[in-house]
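Trainee: Structure in structure tokens, see below.
We did not get these values from a lab; they are worked out from the coordinates using the rules stated. Since this is a predicted model, take the numbers as computed values, not measurements. When we count neighbours, we look across all protein chains shown, and the Cβ atoms used for this are built from the backbone with ideal geometry, even at glycine.
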Amino acid sequence: MQKNQIHWLKSIPFFTIHISIIAAFFIPFHWKLVTLCIASYSLRMFGITAGYHRYFSHRSYKMGRIPQFLLAWLGSTSVQKGVLWWSAHHRHHHRYSDLPNDIHSPIQSGFWWSHLGWVLCSKYDETQWEQIQDLAKYPELRWINRYYLLPGILYAMILFIWGGWGAFIWGFAISTVLLWHGTFTINSLSHVFGCRRYATTDTSRNNLFLALITLGEGWHNNHHCYMSSTRQGFFWWEIDVSYYVLRLLSWIGIIGELRAPPLHLLHTKLLKPFPRNQKPNRQTPDAEELLERA
Ligand SMILES: [Zn+2]
Ligand SMILES: [Zn+2]
């Protein structure tokens, strides 16, 4: 049995991209580069939140096979491993949230492990096929899951050819590092800081700041309570940019059957304090089970 430890050799590319952002100091600064960085971040964060998370992990809306592949491709440009690998680990997280089996629980293993340690550990390199049988039937998804680095490498090359080192460093390196840590905060910080509306048996929390930097993923307590919902901000004041874009895509017919949280869940307040660092003592119930309780 492998240990929970970072594989430093395999992690060299991860740290190299972090170090490469120092190059920004040697490139003439221009606000256009900052705009490019933000645009590249937002586009690819959408690939993760609307694609890897809400579509592939939770199947919270429907689309055809071609847009499905394109969304998997877009998510892959964020260099967060394969779409099937990501979805399988995420489903596992929901099944065992904050219990000893949870691979990235800050309550079980601390902040750094939940934030990035587990991603850099060889023990979790394999795709958990038993979790994603519904997705594994598509050969094109198995293919992109296997060659998951291809979209990211092509994306970086296009930026370089188009705009030289400036576009590469700001549009790819800096943007990718921000994208990594932005996504990772949902595994680490959103189980520690924020408010709890629903008495889920994990430690998930709702956090406006995290929702803003992740285009809506910060409403993590809502999400753990009803994970099948396309929208994670359940109320109009809970900003959820990914959902706004998905609504737009549904209006023009690219996607459909967006799922919403049940009305009675919205009108029920299941407030229950959950002290920080307290370990849950039972398996996270399914959404249906929570609904019954609501
Ligand atoms: Zn979670
Ligand atoms: Zn989820």
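Trainee: Could you give me the percent of Cα pairs per 5 Å distance bin for the stretch 13-54, shortest bin first, beginning at zero and ending with the bin that holds the maximum distance?
Mentor: For the stretch 13-54, the binned pair fractions read 6, 18, 16, 22, 21, 11, 6, 1 percent.
Trainee: Stokes-Einstein diffusion coefficient for the stretch 1-124 at 4 °C in a medium of 1.567 mPa s, Rh from the Kirkwood formula over Cα pairs: what value in µm²/s?
Mentor: 78
Trainee: Given a Förster distance of 25 angstrom, what is the FRET efficiency for GLN128 paired with LYS62, based on the Cβ-Cβ distance and rounded to 0.05?
Mentor: E(calc), rounded to 0.05, equals 0.60.
Trainee: Still on this structure, please answer the following. Test of understanding: given the chain, find the longest segment containing no GluC sites (Glu not before Pro) that are in a DSSP loop and have at most 15 other Cβ atoms within 10 Å.
Mentor: 127-256
Trainee: Another question, then. Would you mind computing, in nm to one decimal, how far apart the modelled labels at LYS137 and LEU150 are, each placed 7 Å from Cα along Cα→Cβ?
Mentor: If labels sit at LYS137 and LEU150, their model points lie 2.3 nm apart.
Trainee: Something else now. Averaged over every viewing direction, what's the projected area of the C-alpha convex hull for the stretch 121-172? Give it in nm², one decimal, please.
Mentor: About 5.1 nm², averaged over all directions.
Trainee: Continuing with this model, one more query. Strictly greater than 23 Å: what percent of every Cα pair in the chain meets that?
Mentor: Cα-Cα pairs in the chain separated by more than 23 Å: 55 percent.
Trainee: Would you calculate the separation in nanometres between label points at ILE22 and THR35, each defined as 7 Å from the Cα along the Cα-to-beta-carbon direction?
Mentor: 3.1
Trainee: Here's a follow-up. Can you tell which of HIS30, HIS18, HIS181 shows the greatest fluctuation in a Gaussian network model of the chain with Cα springs below 10 Å?
Mentor: For the chain, modelled as a Gaussian network with Cα springs under 10 Å, the answer is HIS30.
Trainee: Something else about it: Build a GNM of the chain with springs between Cα atoms under 10 Å: which of TYR124, TYR55, TYR148 gets the top mean-square fluctuation?
Mentor: Per the Cα network of the chain with a 10 Å cutoff, TYR124 tops the list.
Trainee: Follow-up question, since we're still on this one. Which whole-angstrom value gives the distance between the alpha carbon centres of the stretch 91-120 and the stretch 5-71?
Mentor: Using only Cα atoms to place each centre, the spacing works out to 21 Å.
Trainee: In the Gaussian network model of the chain, springs joining C-alpha atoms below 10 Å, which of ARG196, ARG247, ARG54 carries the largest mean-square fluctuation?
Mentor: ARG247
Trainee: Output the 0 to 90 degree angle, nearest 10, between the alpha-carbon long axis of helix 175-187 and the longest principal axis computed from the alpha carbons of the chain.
Mentor: Result, in degrees: 10.
Trainee: Taking the simple approach of a point 7 Å from Cα along Cα-to-Cβ for both ALA260 and SER42, what is their distance in nm?
Mentor: Spacing of the two 7 Å Cα→Cβ label points: 2.6 nm.
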